[in-house]
1. Pairs under 7 Å by beta carbon, first residue closer than 17 Å to Ile209 by Cα and at pLDDT 80 or above in region 13-24, partner among the small types (Gly, Ala, Ser) and open to solvent by 20 Å² or more (accessible area, probe 1.4 Å), six or more apart or different chains?
2. Name, by its number, the condition in (1) more than 18 Å from Glu136 (Cα to Cα); (2) surrounded by fewer than 17 Cβ atoms within 10 Å (Cβ to Cβ); (3) modelled with pLDDT of 75 or more that does not hold for Val185.
3. How about region 314-334: which of its residues are closer than 23 Å to Asn229 by Cα and free of Cβ contacts under 8 Å to residues at least 60 places away in the same chain?
4. Being at positive phi and among the hydroxyl-bearing types (Ser, Thr, Tyr) is the filter here, so list the residues in region 71-125 that pass it.
5. Suppose we filter region 88-106 for residues that are surrounded by 12 or more Cβ atoms within 10 Å (Cβ to Cβ) and charged (D, E, K, R); how many remain?
6. Would you check if Ile150 is in contact (Cβ under 8 Å) with a residue 12 or more places away in the chain, open to solvent by 50 Å² or more (accessible area, probe 1.4 Å) and within 27 Å of Leu105 (Cα to Cα)?
7. Could you tell me which of the residues Val283, Val339 is outside any helix (DSSP H, G or I), within 25 Å of the chain's Cα centre (by Cα) and among the aliphatic types (A, V, I, L, M)?
8. Out of the residues in region 351-372 that are in contact (Cβ under 8 Å) with a residue 12 or more places away in the chain and not hydrophobic (A, V, I, L, M, F, W, C), state the one that is most open to solvent (accessible area, probe 1.4 Å).
Amino acid sequence: MNYDIIIRLIILIGIVQGFVFNAFVFINRKKINISIKYLNIVVLCLSLNNIREFVYDGNYLSGVILYIYLAVPWHFLIVPFFYVFLIYYLKIKDEYPNYLKFTLLIFGIEILIRIGLMLFSKDFELRFSEYIIMEEICNAVYAIFIFYHIIRLVFFDKNALSKIASFDDIKWVKIILKVGVGIMVLWIITVAIYYFTREAWLYDPLKIIYSILIYWLGYQGLIHSKTTNERIHIRKQIESREPNNLFVISVEKQNDKLEEKHRADFETIKNYVVNNKRFLDPVFSLDLLSEELNISNSHLSKVINTYSAYNFSDFINSLRVQQAKKLLLSDEFKQYTIVAIGLECGFNSKSTFYAAFKKFTSETPTSYRSRF
């Protein structure tokens, strides 16, 4: 298997992955939020760009002049549409310009120029080749402009992340952007070298990266966006309800030295944690509770250990598991994934949720939900 075949195979795999994602979003379009729809456009542009490269490199349509010289520059739309996806995902679409109309205007102008060169230029092959270089340079400059806004938005504007911070730490976005910086640099270097050498193989590393990016964007974007939006809806429903009647097992040890005041202290602690839904906070700690109630850590720990039969961590997790059990059995929450429910019940990851749930119920959340 030679080098060219390997490159085309990688590109083909990326194309298939991209269209599978596009088909999934299209089939579920009524259940998919608008941020995913824009992400779908990003993946579609990546796939269409790879199709162009796949067909062109393989000379599958070498006789079709219209395709060769009028191939649409889909890659131009990738960075701008990813930016639009972000401002919708971060719930800040009204606070930041999306540049969408301007992007589509430039895109349309580029298509018209290509058509004009093909129809009216006598030596259109040469003119087109020269134009493509200039177009690539302009597109690179515009992509850098948009990418700068993305970097500033994600890494430096804390206010922009405030609406989504409690639902997603967007580490996956930051990883993609760091990779994106590398892609941007590689693209600029490739365009610059191609300008002087006209060596088309220089674009091969970008084609491979685009194929990998299709999978990464599609999978990570869909999973995180779906989970985040489910958490937002779940939290709204939880917050609109009255405080939960969560029953905490109380094992009052027979000890004459225990004062009535300590029992009252535990009731105060329990009522505060439950009524204010503090156990739903994934970063809630003994130190925070001590500060909020103005009670020493040692006293809190002693009272909780005595009257709940749990240490602080297990006490809080027991409340989270009880909350999760209620939601898993509720018809109102059947449409939401188990992961989203677990995260909205205060667990900071799927693994900690499953481990705690099994500890207190001896079964997984999946088997628990399926039994009822």
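1. Close Cβ pairs (under 7 Å, with a partner that is among the small types (Gly, Ala, Ser) and open to solvent by 20 Å² or more (accessible area, probe 1.4 Å)) do not exist here.
2. (1)
3. Within region 314-334, Arg320, Val321, Ala324, Lys325, Leu328, Leu329, Ser330, Asp331, Lys334 meet the criteria.
4. Across region 71-125, the qualifying residue is only Tyr99.
5. Number of matching residues: 3.
6. no
7. Val283
8. Across region 351-372, the extreme among qualifying residues is Lys359.
The values are calculated or read from the model by the stated rules, or taken from the named source; none is laboratory data. On a predicted model such as this, the values are computed, not experimentally measured, just so you know. Quick reminder, even Gly has a Cβ in these numbers, built from the backbone with ideal geometry, and neighbours come from all protein chains shown. Side chains are part of the model used for accessible areas, which takes the heavy atoms of the whole protein and leaves out ligands, DNA and RNA. Shrake-Rupley method; radii C 1.70, N 1.55, O 1.52, S 1.80 Å.
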